[in-house]
Amino acid sequence: MNRPWLKWYPGDWRRDPALQSCSIAARGLWHEILMIAHDCTPYGFLKIGDKSPDNPSIARMTGCDEAQVARLLDELHSAGVFSRDEHGTIYSRRMVSDEKNRVRGVENGVKGGNPALRDKGVVIPPPDTRARASDSEIRVRSQSQKSESSSPSEREIEPVADAPAPLPKKPRSIPSTDHHQTIARWCDAYRDSQGESYDVQVKDAAAVKAMLKKHTPDEILAQADKLLFCESAFHAEHRTLSWLSAKWNEIGQLARANSLRLEGSGSKVVREAARMEASGARPLALDFLEENHNQKQITGRAS
């Protein structure tokens, strides 16, 4: 046997009650015997050529004295750690079993794989076929679907059908609560006014709930129309539900000023700015008007 490695399961070694009942010296001797049996034929049998080594030979191979080997072997045998064949040869039951499983696996591989799967018609393409085509491009038919004229070694492949298109997602229904419905109506108005969808923000829900404590949904939407009406004078961050809630009392004044701006009446605009300033809305009103009119005219007459 010419294998530089062997299967070793430390957990199995530690959990073997028969082995763990032996002394550390006996377990050490058994470990040495296993290492020797790994290179013997048959695999797992303690044989040197065609002969089973006697105690003096085992002592020389393991570095122990003859009396110690005799005593430790008796301890291991009494615990049932190893077995002997009809010729008295020591062997490891686990190593013999592992070798039988290894040989069986090699034989099954040569014949096409696990017989339990072969009998069910499961066929795996040979390695060279798998290397040429990816899993997404081939499907292997079962052995039972092959024609009678096909040889057992043939493998049939065919293109995989395209996956069906995913079903369209159903639109989410909007809850019937006032603040959900108000936000939905605001989104519709925003889309009609701006030509794009509104990106609902986390703080919008709190802003709408606060407004609903003092105003009806229709009143909120009417005020929103005024804000969107004069949207051209402000940046996008001002066209939000939270800004509408914060500037509720000034939205009407801004809408009035925007109407005068669109009418082109300079004197009315100036008077409106002065009225806004008198009502305490000067910063917001002037920001609005100064962005749409001559700044010198506004500041000169309304400041």
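Only the coordinates and a few stated rules stand behind these numbers; no lab work does. This structure is a prediction, so every number in the text was calculated from the model and none was measured. Heads up, the Cβs are rebuilt from the backbone with ideal geometry, glycines too, and the neighbour counts pull from every protein chain shown.
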Unit charges at the beta carbon, dipole of the range 10-97: most positive-side option, GLY63, THR41, VAL96: VAL96
From phi via Karplus (6.51, -1.76, 1.60), per-residue ³J(HN,Hα) for the range 31-48 in Hz, x at Gly/Pro: 4, 4, 5, 4, 5, 6, 5, 5, 9, 9, 10, x, 5, x, 9, 7, 9, 10
Sorted peptide list for 190-196, 4-10, criterion being average Cβ within 10 angstrom, highest first: 190-196, 4-10
Ranked ILE36, ILE48, criterion: other C-beta atoms within 10 Å, fewest first: ILE48, ILE36
Which of ARG60, ARG185 has the fewest Cβ neighbours within 10 Å, and the rest in rising order: ARG60, ARG185
Sorted by Cβ neighbour density within 10 Å, fewest at the top, the residues ASP16, ASP218: ASP218, ASP16
Formal net charge of residues neighbouring PRO56 (Cβ-Cβ distance under 10 Å; K, R +1; D, E -1): -2
Virtual spin-label span in nm between ASP85 and GLN201, 7 Å along Cα→Cβ: 8.6 nm
